[in-house]
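Chemist: There's a structure below that I have some questions on.
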Amino acid sequence: MKRSLLHYIFFFFFMLPVALAQGQNEFEKPTVAVMPFNADAHVNATDAGALSQRVETVFANSKRFTMIERANFKQVFEEIEAQKGEMYLHSDQLAEQGKLMGASLIVTGNIRSAGSEGTTFNIKLIDVSTGVQIATESISDKDNAELIDIGLKTASLFTKSDEVKDASSSGAAGIAGSALLNIDKRIRQFINKWYPLRYEILEISESKGKTAKKIVVAGGTAEGLDANIKTMYLIDESALGEGEKRRVRRVKLGVLTVEEIQGEVTICKVKSGGSGLAELLQGDHNIYVSTNDQ
């Protein structure tokens, strides 16, 4: 009897950490490695490196991922740097390197232009477990930079004053700054499309009759919300079918305006979808707030 009791005690304490770990994995952030980007032959190596670093910074600042530190896997990154042209074409090879680092996602891309001539590149996500590319997008700031540059050159034809010269000089700096902000914005949009933030609704803080006017959601700056996110969406998610035929249906119920981030929670104004929201939350509906309307 004592042996049996000891057996169960041992089993309990052995399995408890495993069960806890499995529970945590459901909400675990994907682990991401941003690989050195491949670049066309005419692209300056310094510009290419700076762009790869910028992509990594935007991914890290989104707070939606656990980032792989390059310093911890220096040898692996050096090997990738040496073979990045070939590896860019073969997602399975990048996935193998990702496994060595414990990454679940690989971010890479190809740079067609960078620096003063404008930036154009494509970015792609690779699932390390399968080696399959799951998302790709082309990003460019050339149109924006060219329009501003044309405006400055046109103005300089009418006058040679010091004011215009100063404006041209500051305009060049402005173009660079505007271009970088545009690139950051496009990368954030790419991230939000494939990895939107998702929050639980804590309470309806203000209502009029049966219509919710304001809600409080369980998310703040630590979970990735910032001043760049001004609109979020009410989503009703349900499962249809069973087994291999099981499918997830997501329906947009309404639109929210981010009003104020208060530490670990955020106050949102309900622009649409507030009617009957309280009843839906009390029912068996899986309703949450997302930064993506799909």
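The values are calculated or read from the model by the stated rules, or taken from the named source; none is laboratory data. Only a predicted model underlies this, so the values are computations on that prediction, with no experimental measurement involved. Please note: Cβ atoms are built from the backbone with ideal geometry, for glycine as well, and neighbour counts cover all protein chains shown.
Chemist: If you go through region 248-264 one residue at a time, do you hit one that is surrounded by 13 or more Cβ atoms within 10 Å (Cβ to Cβ), aliphatic (A, V, I, L, M) and farther than 21 Å from ARG64 by Cβ?
Modeler: yes
Chemist: Here is a further query. Return yes when ALA278 is of a type in the set (Gly, Ala, Ser) and in a strand (DSSP E or B) and no when it is not. I'd like the intermediate steps shown before the answer.
Modeler: Numbers: of a type in the set (Gly, Ala, Ser): yes; in a strand (DSSP E or B): no.
Taking the combined requirement at face value, the residue does not satisfy it.
Chemist: Select, from GLU86, GLU96, the only residue that is farther than 26 Å from ARG186 by Cα, in the same structural domain as GLN189 (by TED's automatic domain parsing), at pLDDT below 70 and assigned to a helix (DSSP H, G or I).
Modeler: Details: GLU96 fails: at pLDDT below 70.
Answer to the selection: GLU86.
Chemist: Here's another thing I want to ask about it. Read through the list (1) modelled with pLDDT of 90 or more; (2) touching a Ser or Thr at 6+ places or on another chain (Cβ under 8 Å); (3) not in a strand (DSSP E or B), then give the number of the only condition that PHE190 fails.
Modeler: Result: PHE190 fails condition (2) only.
Chemist: On to the next question. All but one of (1) in contact (Cβ under 8 Å) with a residue 12 or more places away in the chain; (2) outside the structural domain of PHE65 (by TED's automatic domain parsing) hold for PHE190; which doesn't?
Modeler: Here PHE190 meets the rest and fails (2).
Chemist: Any chance you could count how many residues in region 35-72 are part of a helix (DSSP H, G or I) and more than 20 Å from the chain's Cα centre (by Cα)?
Modeler: Pass one, region 35-72, residues part of a helix (DSSP H, G or I): 45-61, 70-72.
If we keep only those that are more than 20 Å from the chain's Cα centre (by Cα) as well, we get 45-49, 71-72.
Counting residues in region 35-72 that are part of a helix (DSSP H, G or I) and more than 20 Å from the chain's Cα centre (by Cα) gives 7.
Chemist: Which condition number does LYS213 fail, the rest of (1) within 16 Å of the chain's Cα centre (by Cα); (2) on the phi < 0 side of the Ramachandran plot being met?
Modeler: (1)
Chemist: How many of the residues in region 267-287 are among the hydroxyl-bearing types (Ser, Thr, Tyr) and either out of contact with any strand residue (DSSP E or B) (no Cβ under 8 Å at 6 or more places or on another chain) or more than 14 Å from ILE204 (Cβ to Cβ) (or both)?
Modeler: Qualifying residue count for the region: 1.
Chemist: For region 199-217, give me the residue count where each residue is surrounded by fewer than 17 Cβ atoms within 10 Å (Cβ to Cβ), of a type outside the set (S, T, N, Q) and touching a residue at least 60 places away in the same chain (Cβ under 8 Å).
Modeler: Residues meeting the conditions: 4.
Chemist: Shifting gears a bit: Any residue in region 231-240 that is in a loop (DSSP other than H, G, I, E, B) and not assigned by TED's automatic domain parsing to the domain that holds LEU125?
Modeler: Checked region 231-240: no residue is in a loop (DSSP other than H, G, I, E, B) and not assigned by TED's automatic domain parsing to the domain that holds LEU125.
Chemist: Among GLY102, GLY131, which is the only one that is at pLDDT below 95, small (Gly, Ala, Ser) and touching a helix residue (DSSP H, G or I) at 6+ places or on another chain (Cβ under 7 Å)?
Modeler: GLY131
Chemist: Report yes if some residue within region 218-228 is hydrophobic (A, V, I, L, M, F, W, C), crowded, with 17+ Cβ neighbours inside 10 Å and either in the same structural domain as PHE59 (by TED's automatic domain parsing) or at pLDDT 95 or above (or both); otherwise report no.
Modeler: No, there is no match, as no residue in region 218-228 is hydrophobic (A, V, I, L, M, F, W, C), crowded, with 17+ Cβ neighbours inside 10 Å and either in the same structural domain as PHE59 (by TED's automatic domain parsing) or at pLDDT 95 or above (or both).
Chemist: Do we have SER170 as outside any strand (DSSP E or B), at pLDDT below 65 and within 21 Å of PHE59 (Cα to Cα) here?
Modeler: For SER170, the condition - outside any strand (DSSP E or B), at pLDDT below 65 and within 21 Å of PHE59 (Cα to Cα) - is not met.
Chemist: Any residue at all in region 9-29 that is buried (at least 17 other Cβ atoms within 10 Å of the Cβ), within 19 Å of ILE126 (Cα to Cα) and at pLDDT 70 or above? Steps first, answer last, please.
Modeler: Kept after step one, since they are buried (at least 17 other Cβ atoms within 10 Å of the Cβ), are these residues of region 9-29: none.
No, because not a single residue in region 9-29 is buried (at least 17 other Cβ atoms within 10 Å of the Cβ), within 19 Å of ILE126 (Cα to Cα) and at pLDDT 70 or above.
Chemist: Return the pair list, or none, for Cβ contacts closer than 8 Å from residues in region 259-287 that are under 13 Å from VAL217 (Cα atoms) to residues that are of a type in the set (Gly, Ala, Ser) and not in a loop (DSSP other than H, G, I, E, B), at least 6 apart or on different chains.
Modeler: GLU264/ALA222; ILE267/SER205; VAL270/ALA212; VAL270/GLY254
Chemist: Related question: Taking region 110-128 on its own, how many of its residues are at pLDDT below 90 and touching a helix residue (DSSP H, G or I) at 6+ places or on another chain (Cβ under 7 Å)? Give the steps one after another, and end with the answer.
Modeler: Step one: list which residues in region 110-128 are at pLDDT below 90, which gives 114-118.
Still in the list and also touching a helix residue (DSSP H, G or I) at 6+ places or on another chain (Cβ under 7 Å): 114-115, 118.
Here the count works out to 3.
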